[in-house]
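Below is one structure, written out as structure tokens, with a few remarks after it.
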Amino acid sequence: MKKTLLAVLLLAFIGNALAALPEMPIKVTYRKALLNDGYVLQFHNISESIIPIKVTLENPQTETTNVFRLNVDAFKLKEIGSVQGWTALPGDKITVENADFQTLRAEIKK
């Protein structure tokens, strides 16, 4: 019983700590690719500091996943497209992570 109560309290503490993190200062957009029918993902840093991010891209139709690590300079953007190894398509799911911020999730709309 004590272990169960301790586990519940620990999960509540972790949940509160994660909720207390600031929002991710990265804005995700996309544009049509020039070389193919897909899209190029854009990661805009809207803060005054460089932000290292882990980007996980998932295509549910093909069940493929790829992970990219990017350092996005202050007020700059980085792109991921076919040249970087991922042709973004409608339905793709995007997860952006950094331990200092809330996780950001997005999806390319159809």
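For (1) among the basic types (Lys, Arg); (2) touching a residue at least 40 places away in the same chain (Cβ under 8 Å); (3) more than 18 Å from MET24 (Cα to Cα), each residue gets a yes or a no:
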{"site": "ASN71", "(1), (2), (3)": "no, no, no"}
{"site": "PHE75", "(1), (2), (3)": "no, no, no"}
{"site": "LYS78", "(1), (2), (3)": "yes, no, no"}
{"site": "ALA88", "(1), (2), (3)": "no, yes, yes"}
{"site": "GLY91", "(1), (2), (3)": "no, no, yes"}
{"site": "THR95", "(1), (2), (3)": "no, yes, no"}
{"site": "ASN98", "(1), (2), (3)": "no, yes, no"}
{"site": "LEU104", "(1), (2), (3)": "no, yes, no"}
{"site": "LYS110", "(1), (2), (3)": "yes, no, yes"}
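If you take just the strands (runs of 3 or more DSSP E) that sit entirely in segment 37-110, which of them hold at least 2 residues that are polar (S, T, N, Q)?
Ranges flagged: 39-45, 51-59, 64-72.
In segment 34-67, how many residues are small (Gly, Ala, Ser) and surrounded by fewer than 18 Cβ atoms within 10 Å (Cβ to Cβ)?
Adding up the residues that qualify gives 2.
Please go through segment 19-36 and pick out each residue that is closer than 25 Å to ALA74 by Cβ, touching a residue at least 40 places away in the same chain (Cβ under 8 Å) and either assigned to a strand (DSSP E or B) or of a type in the set (A, V, I, L, M) (or both).
Correct list: LEU21, MET24, ILE26, VAL28, TYR30.
Laboratory data are not the source of any read-out in this text; all were calculated from the coordinates shown. Note that the structure is predicted; figures quoted are calculated from it, not measured. Here Cβ is always computed from backbone atoms with ideal geometry, including for glycine, and neighbour counts include all displayed protein chains.
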